[in-house]
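Every number here is computed from the coordinates shown, using simple stated rules; none is lab data. Only a predicted model underlies this, so the values are computations on that prediction, with no experimental measurement involved. So basically every Cβ, Gly included, is an ideal-geometry build from the backbone, and we count neighbours across all protein chains shown.
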Amino acid sequence: MPIVSYCKKCKAEVAPASTCELCGGKLQKTAARVSWSCLHRPLTDWLAWNAPLRIAIPTIVLVAVVAFVFEAVQSGPIGLQLLLKTWFFPLIGGLLFFVIGAVFLYYLRRGNELNFFVLDHKGAHLQLYSAKNPDHLHLISERHLAWSEIRRIQALPERNAILFYAPKNWLSMVLYCDAQAFLDAAGYIQARISKAKDVRLSKPAEGLDDIT
Ligand SMILES: [Zn+2]
């Protein structure tokens, strides 16, 4: 069950109750959390590709557009014709191809990842492990988002995923879930953000076309 309580004394997740099942100590209200793990393959997930490409592609395209406009203003149509004959645009095309290829190879090498998610009174926490060797999990990265940082939350029930935006239009964390974890996490978030006026939970499926 993804809903648990965290006992600070035992440094362990225990069954949700008013007292810890291990030490018998009283559990505070803030001890309640949603905790789950899931296996994820970034290579086949557009949401994972979104992270590196949303910076690289607009940057490369912007450089090409700026060079094009600059040449048009400076030298007019003849300058543009000359620019089209140079290595510049093939280089831009090659760079785009290289970036996409590099991300592909990077994710291919990463293989499956094991995501550990925790939602608690402080915020959302993710620990990402390489699952290439199940006997020896290797921590790749971890990320912590405080509730006060999160500006928009989008639930994608079709994909059992929850998206946290911080700032409002910047996808900051994707929570991959199974069906049960999705329900528990959505319930926890719903209760949490009803107290925070500046966080908005998108209606299920709203804005889906923008992301997938
Ligand atoms: Zn305890």
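Which of these, 74, 28, 154, has the largest mean-square fluctuation under a Gaussian network model of the chain (Cα springs below 10 Å)?
For the chain, modelled as a Gaussian network with Cα springs under 10 Å, the answer is 74.
How would 35, 18 line up from fewest to most surrounding beta-carbon atoms within 10 angstrom?
18, 35
Give me the angle, in degrees from 0 to 90, between the Cα long axis of helix 46-85 and the longest principal axis of the Cα atoms of the chain, rounded to the nearest 10.
On a 0 to 90 degree scale, this one is about 20.
When the dipole is taken about the Cα centre of the chain, and only Lys, Arg (+1) and Asp, Glu (-1) are charged at their Cβ, what size is it in debye, to the nearest 20?
640
Considering lysine pairs in the chain that are 8 or more places apart or on different chains, how many have Cα atoms under 27 Å apart?
Here the count comes out as 23.
For a quick check, take a GNM of the chain with Cα springs below 10 Å and name the residue from 78, 162, 189 with the largest mean-square fluctuation.
Its mean-square fluctuation being the largest, the pick is 78.
Residue farthest toward the positive end of the dipole of the chain, with Cβ of Lys/Arg at +1 and Asp/Glu at -1: which of 164, 68, 191?
Toward the positive end, the furthest listed residue is 191.
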